[in-house]
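The values are calculated or read from the model by the stated rules, or taken from the named source; none is laboratory data. All of these numbers come straight from a predicted model, not from anything done at the bench. Ideal geometry is used to build each Cβ from the backbone, glycine not excepted, and the neighbour counts take in all protein chains shown.
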Amino acid sequence: MSSAVKTIIPKINIDLPEVTIREVRLGSVTNFTGTAKELLELSECGSLKDKGRAFSQSTGCSSLNAFCQLSGIRGVVVINHAPIGCAGDFQSFDFVHRTSLEGFGIHDYNGRFYSTDLLEKNTIFGGIEKLKTAAREIFEREKPKAIFITTSCASGIIGDDVGAAANELSREFGIPVSPCICEGFRSKLWTSGFDAAFHSVLKSIVKPPRKRSNKVNIINFWGSRIFDDLLNELGYEAQYIVPYATYEELEYISEAAATIQICSTLGSYLGAALEQLYGVPEVKYAPAFGIEGTDRWMRELGRVLDREEQVEKIIERRHREIAPKLEEYRSKLSGKKAYVAAGAAFGHALSALIQDLGMTLVGASVYHHDAFYDNHDKDSDALANTVKTFGDIPNYRVCNKQLFEIVNVLYNLDVDILIARHPGIVVWGAKLGLPTFIMDDEQYAFGYQGILNYAEKILETLDTIEFTKNLQKHSRMPYTKWWLTQPVDTFTIGGSSK
Amino acid sequence: MSSFISHPKFTCALGAQQTVTAITRAVPIVHSGPGCAVKVHELLGQGQSYVGGGTIPCTNTGSKEVVFGGVHKLDELIRSTLKVLDGDLFVVLTGCTSDIIGDDIGSVVEKYQAEDIPIVYAETGGFKSNNYVSHSTVVNAIIDQYVDKFRSGNGVEKGLVNVFASVPDQDPYWEGNLEELKRILEGIGLKVNILFGSRSGGLDEWKTIPDAQLNIVADTWAGVKIAKHLERKYGTPFIHFPYFPVGGEQTSDFLRKVSKAAGLDSERTEAFIKKEEERFYIFLERMADFILEFRYGIPRRFYTVLDSSYAVGMSKFLVNELGILPSGVFISDNTPERWQKTVAEELENISEYRSVTPVFETDGEKILLEIDKDDHRNRFIILGSAWESHYAKQHDADLLILNVPLTYRLALNCAYIGYNGGLRVIEEIYNGVLETYRS
């Protein structure tokens with residue numbers, strides 16, 4: 001299915017101590033202003049260049065994204081070799097995993113995360129001894145199946161050799177002790193942290209296959225088990241990874257019949273690695289959001305799993321089932337103007353969904369843009385698919401989650417609803433008086449049912465107009481009038497992206 | 001103490017960004033790696049408020065700055081922040097990257113200060129301290145670089161006090177607590193600079209800090225360095241009440257001590273105390289029927305997993321006013337040794353009939369392992385954080401979340417200290433108890 005690409009495909013190499021950051025590996029950028037089509041063309045011809053900003057606000061960092069994956073593996077512990085502030089996400093993920101695991105029928109989850117609490121003296125004399133002492137104490141207490149050690153800006157700059165320490169501890173404990181190199185300063189793309197986590201998992205846990213199983217890997221965040229019914233019907237079993245898989249399950253994800261990604265921004269590296277290293281075929285189509293997107297994805301799934309006929313029947317049945325509701329929702333939503341702010345892959349997916357519902361997409365701010373994915377397959381490109389199906393997207397921005405730019409855009413565009421994917425954004429839509437919702441459950445919008453779920457959510461949100469108008473009236477706006485009336489790329493260094 | 005921290009209940013020095021966001025119309029500017037400000041906000045504070053969380057200007061330091069230095073980028077960020085964000089005070093804070101590579105941020109900020117722009121800086125690299133410590137670092141930096149320059153008063157004003165009692169957002173109920181402290185201190189005739197939150201007069205209040213007659217520290221140790229600094233700088237004396245006063249007895253004790261130190265009219269003070277105590281004890285009396293009669297079990301023992309200010313105040317209150325007895329007082333704020341002694345003394349004399357020995361430990365998992373050694377024959381309550389929630393649930397214990405992380409609570413303006421705070425504690429403990437019997 002994949003078309004020829006000009007770039008030479010670099011083979012995934014898990015023998016490297018760390019994975020190459022996205023800006024180098026995937027040509028990813030964090031700043032662009034234009035239209036979706038322009039961005040695709042620049043990516044295609046290899047002339048897409050990143051731009052800096054003379055004003056910026058705190059973004060995320062790789063260590064958080066690495067941790068969000070590693071912290072969900074059952075049976076392991078995570079040691080964050082860092083000052084205590086880097087552990088600010090421990091409780092958030094304890095809560096997320098605890099809540100999600102209830103849905104997986106697991107009620108005794110306890111996040112086992114530890115900070116080495118690096119102090120000033122450690123930055124002078126090195127923190128390795130402190131790390132080893134902590135690891136020994138933690139190993140004695142917890143007897144984990146494996147230990148992951150995530151790094152930090154502090155441990156990285158002072159030059160702590162976490163890799164060497166991990167090797168030594170691994171021999172001593174007789175279990176995998178794996179460094180995950182995810183210092184925040186190393187990459188502008190916090191999504192590089194996903195790759196760092198997967199690199200560690202591939203290096204330390206995953207073994208070569210003994211056989212082929214009927215399991216299908218689903219590279220997932222958290223959420224619920226939405227793939228069970230579909231895969232069971234096709235005679236396969238869903239295996240949700242990396243969060244909520246046990247250590248033992250992860251050992252043999254190499255034996256799976258296929259790999260599905262809930263989000264290409266998340267799973268790019270792991271999906272490609274499992275295919276290249278262990279022959280697990282990856283369903284390379286962009287994840288199933290919107291009618292057309294779902295049809296295409298389903299057919300590719302059918303092809304990979306050798307269930308093409310069955311899939312055609314399911315497609316036909318599902319189209320029939322959702323048709324009455326879909327028509328009803330489309331008539332209610334037709335012409336409503338939406339703006340999307342989300343990570344790259346979800347931004348593309350949401351863009352498709354919104355247009356599928358008959359709404360007008362007046363623009364989008366995605367956090368970053370990967371010029372290509374690790375599988376170098378064009379069919380994986382959700383943005384290209386969305387543009388192909390629905391046409392160009394105006395006011396298309398790559399914003400690195402810069403709230404001042406999102407607020408500027410919303411202030412100046414005529415919008416009925418803001419749909420955002422990450423925390424911290426929606427409140428600004430509401431403060432501007434816009435009905436706004438957060439699509440924090442990525443599975444909510446997936447597949448055919450997802451389109452209906454989504455329509456209901458949009459209708460419900462549009463109905464919160466009293467709340468948002470009231471909030472607007474009483475909220476403080478920290479941005480100056482001057483800023484709100486400037487072109488959005490005023491602080492882009494080096495001028496326009498084109 | 002363990003060599004590591006699990007179940008973190010405080011954050012790094014950069015946590016003082018919340019000290020800044022708690023000042024009305026103050027804007028933090030963070031010179032750190034990407035992610036720092038947001039991670040601090042994950043643990044501390046609910047909602048971005050004016051300029052918090054992902055709204056905070058940040059250099060998002062990358063490899064280039066780590067290798068070549070980040071002062072240029074900081075300079076650029078400050079210049080643009082002044083155009084983009086509408087603030088009355090800008091506070092530049094550093095993260096690990098800047099402090100390890102040794103960026104001279106002073107030289108950058110002083111340039112703006114020379115133009116009389118209200119901007120200050122402090123080094124808060126994460127490894128330097130925790131946020132209890134850096135709170136005073138940042139407040140002192142604001143005093144030295146802003147208050148001193150823009151002060152508005154005419155020398156010492158009788159009856160004016162500054163209060164340093166709660167580390168904003170580290171104490172999740174700081175806003176309500178400060179509101180209550182202001183209320184009771186005004187009740188005995190003082191004019192109160194409460195400095196943080198919506199009940200303060202914002203930066204106008206800060207400008208009168210040097211004019212205070214007395215500084216009041218009402219926490220175990222976080223505020224002491226500020227008061228000492230002000231004593232050296234302006235000669236202002238201070239009184240240190242070394243824990244959060246909770247309920248009738250402690251709050252009255254606090255007010256009497258302040259009244260004496262400030263040389264107030266003791267009759268007026270006593271009149272206010274009398275009125276407040278009457279109200280407080282009418283409620284205590286009313287609920288006594290309930291706690292004595294309720295037949296299905298209410299907590300008889302308590303554990304704290306709290307910072308020192310809350311641990312001492314709450315322990316005294318539970319023992320002396322509610323009859324709930326201590327099974328373990330664990331203190332998780334990495335209390336400096338000097339202040340561990342103070343805490344130990346307060347708890348040794350917790351009542352006429354008993355004394356308690358506190359345990360200082362920052363490894364929360366270890367604390368739970370200790371608690372788990374007890375047989376739990378009586379229903380018990382944990383006063384702690386979200387980290388203790390699961391254990392409490394497993395053991396059918398009650399839980400009152402007073403420390404970050406909150407996770408299972410939404411905090412607006414409720415207070416847990418003072419007279420009103422005492423009443424709130426009672427309501428919450430027993431509401432929690434009754435809730436467990438709801439069918």
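Within region B:115-133, restricting attention to residues that are among the hydrophobic types (A, V, I, L, M, F, W, C) and touching a Phe, Trp or Tyr at 6+ places or on another chain (Cβ under 7 Å), which residue is farthest from the other protein chains (Cβ to nearest Cβ)? That would be B:120. Residue check: residue A:92 meets all listed conditions (1) buried (at least 24 other Cβ atoms within 10 Å of the Cβ); (2) under 19 Å from the mean Cα position of the chain (by Cα); (3) facing chain B (nearest Cβ under 7 Å) but one, namely (1).
Restricted to region A:147-178, and to residues there that are in contact with a Gly (Cβ under 8 Å, 6 or more places away or on another chain) and under 20 Å from residue B:3 (Cα atoms), the residue that is surrounded by the fewest Cβ atoms within 10 Å (Cβ to Cβ) is A:158. Of all residues in region B:286-337, those that are touching a helix residue (DSSP H, G or I) at 6+ places or on another chain (Cβ under 7 Å), under 19 Å from residue B:358 (Cα atoms) and not β-branched (Val, Ile, Thr) total 15.
Against the conditions (1) in contact (Cβ under 8 Å) with a residue 40 or more places away in the chain; (2) touching an Asp or Glu at 6+ places or on another chain (Cβ under 8 Å); (3) surrounded by fewer than 20 Cβ atoms within 10 Å (Cβ to Cβ), residue A:81 satisfies every one except (3). When A:459, A:383, A:418 are screened for being farther than 30 Å from residue A:301 by Cα, crowded, with 18+ Cβ neighbours inside 10 Å and touching a residue at least 12 places away in the same chain (Cβ under 8 Å), only A:418 passes.
Could you tell me which residue of region A:67-78 is surrounded by the fewest Cβ atoms within 10 Å (Cβ to Cβ), considering only residues that are of a type in the set (A, V, I, L, M, F, W, C) and closer than 23 Å to residue A:443 by Cα? The residue in question is A:68. Inside region A:227-257, can you point out the residues that are among the β-branched types (Val, Ile, Thr) and either buried (at least 20 other Cβ atoms within 10 Å of the Cβ) or farther than 24 Å from residue A:197 by Cβ (or both)? Across region A:227-257, the qualifying residues are A:241, A:242, A:253. In the set (1) of a type in the set (Val, Ile, Thr); (2) in a helix (DSSP H, G or I); (3) more than 22 Å from the chain's Cα centre (by Cα), the condition left unmet by residue A:354 is number (3).
Every condition in (1) hydrophobic (A, V, I, L, M, F, W, C); (2) under 27 Å from the mean Cα position of the chain (by Cα); (3) at the interface with chain A (Cβ under 7 Å from one of its Cβ atoms) is met by residue B:77 except one, and the failing one is (2). Would you check if there is a residue in region B:152-173 being crowded, with 24+ Cβ neighbours inside 10 Å and among the charged types (D, E, K, R)? The answer is yes, given that some residue of region B:152-173 is crowded, with 24+ Cβ neighbours inside 10 Å and among the charged types (D, E, K, R). Write out, first by first residue and then by second, each pair whose Cβ atoms fall under 8 Å of each other, whose residues are 6+ apart or on separate chains, and whose first residue, in region B:5-23, is facing chain A (nearest Cβ under 9 Å) and surrounded by 24 or more Cβ atoms within 10 Å (Cβ to Cβ) while the second is assigned to a strand (DSSP E or B) and of a type in the set (Lys, Arg). From region B:5-23, no pairs qualify. Might you let me know whether region B:283-294 holds any residue that is closer than 30 Å to residue B:435 by Cβ, at pLDDT 95 or above and not in a helix (DSSP H, G or I)? Scanning region B:283-294, I find no residue that is closer than 30 Å to residue B:435 by Cβ, at pLDDT 95 or above and not in a helix (DSSP H, G or I), so the answer is no.
Against the criterion of being surrounded by fewer than 24 Cβ atoms within 10 Å (Cβ to Cβ), at pLDDT below 95 and either within 22 Å of the chain's Cα centre (by Cα) or more than 23 Å from residue B:20 (Cβ to Cβ) (or both), residue B:256 does not qualify. Residues that are more than 10 Å from chain A (Cβ to nearest Cβ) and of a type outside the set (S, T, N, Q) within region B:37-66 comprise just one, B:45. Among the criteria (1) closer than 30 Å to residue A:112 by Cβ; (2) more than 7 Å from every other protein chain (Cβ to nearest Cβ); (3) of a type in the set (Asp, Glu), the one residue B:88 does not fulfil is (1). Can you spot a residue in region A:98-120 that is buried (at least 19 other Cβ atoms within 10 Å of the Cβ), in contact with a Ser or Thr (Cβ under 6 Å, 6 or more places away or on another chain), over 30 Å from residue B:393 (Cα atoms) and at the interface with another protein chain (Cβ under 10 Å from one of its Cβ atoms)? So far as region A:98-120 goes, no, none of its residues is buried (at least 19 other Cβ atoms within 10 Å of the Cβ), in contact with a Ser or Thr (Cβ under 6 Å, 6 or more places away or on another chain), over 30 Å from residue B:393 (Cα atoms) and at the interface with another protein chain (Cβ under 10 Å from one of its Cβ atoms).
Residue-level analysis places residue A:62 among those that are in contact with a Cys (Cβ under 8 Å, 6 or more places away or on another chain) and within 9 Å of chain B (Cβ to nearest Cβ). Conditions first: (1) surrounded by fewer than 22 Cβ atoms within 10 Å (Cβ to Cβ); (2) touching a residue at least 12 places away in the same chain (Cβ under 8 Å); (3) touching a strand residue (DSSP E or B) at 6+ places or on another chain (Cβ under 8 Å). Residue B:406 passes all but one, so which condition is the exception? Failing condition for residue B:406: (3). Screening B:392, B:411, B:386, B:415 for residues that are of a type in the set (Gly, Ala, Ser), free of Cβ contacts under 8 Å to residues at least 60 places away in the same chain and within 24 Å of residue B:168 (Cβ to Cβ) leaves exactly one candidate, B:386. Among the helices (runs of 4 or more DSSP H) confined to region A:395-495, the ones with at least 2 residues that are of a type in the set (Phe, Trp, Tyr) are located at A:403-412, A:447-462, A:481-484.
Results for (1) surrounded by fewer than 23 Cβ atoms within 10 Å (Cβ to Cβ); (2) assigned by TED's automatic domain parsing to the domain that holds residue B:290; (3) not acidic (Asp, Glu), shown as yes or no for each residue.
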| site | (1), (2), (3) |
| --- | --- |
| B:313 | no, yes, yes |
| B:317 | no, yes, yes |
| B:344 | yes, yes, yes |
| B:351 | yes, yes, yes |
| B:367 | no, yes, yes |
| B:372 | yes, yes, no |
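Taking residue A:426, is it touching a strand residue (DSSP E or B) at 6+ places or on another chain (Cβ under 9 Å) and touching a residue at least 60 places away in the same chain (Cβ under 8 Å)? The answer is no for residue A:426.
Only one of the numbered conditions (1) under 30 Å from residue A:232 (Cα atoms); (2) out of contact with any Gly (no Cβ under 8 Å at 6 or more places or on another chain) is violated by residue A:338, and that is (1).
When region A:121-158 is filtered for residues that are within 29 Å of the chain's Cα centre (by Cα), in a loop (DSSP other than H, G, I, E, B) and either aliphatic (A, V, I, L, M) or more than 10 Å from chain B (Cβ to nearest Cβ) (or both), the ones remaining, listed by number, are A:144, A:145, A:151. Can you tell me how many residues within region A:274-292 are in contact with a Phe, Trp or Tyr (Cβ under 8 Å, 6 or more places away or on another chain) and in a helix (DSSP H, G or I)? Count: 1. When region B:95-109 is limited to residues that are more than 7 Å from chain A (Cβ to nearest Cβ) and within 15 Å of residue B:35 (Cβ to Cβ), the one that is surrounded by the most Cβ atoms within 10 Å (Cβ to Cβ) turns out to be B:95.
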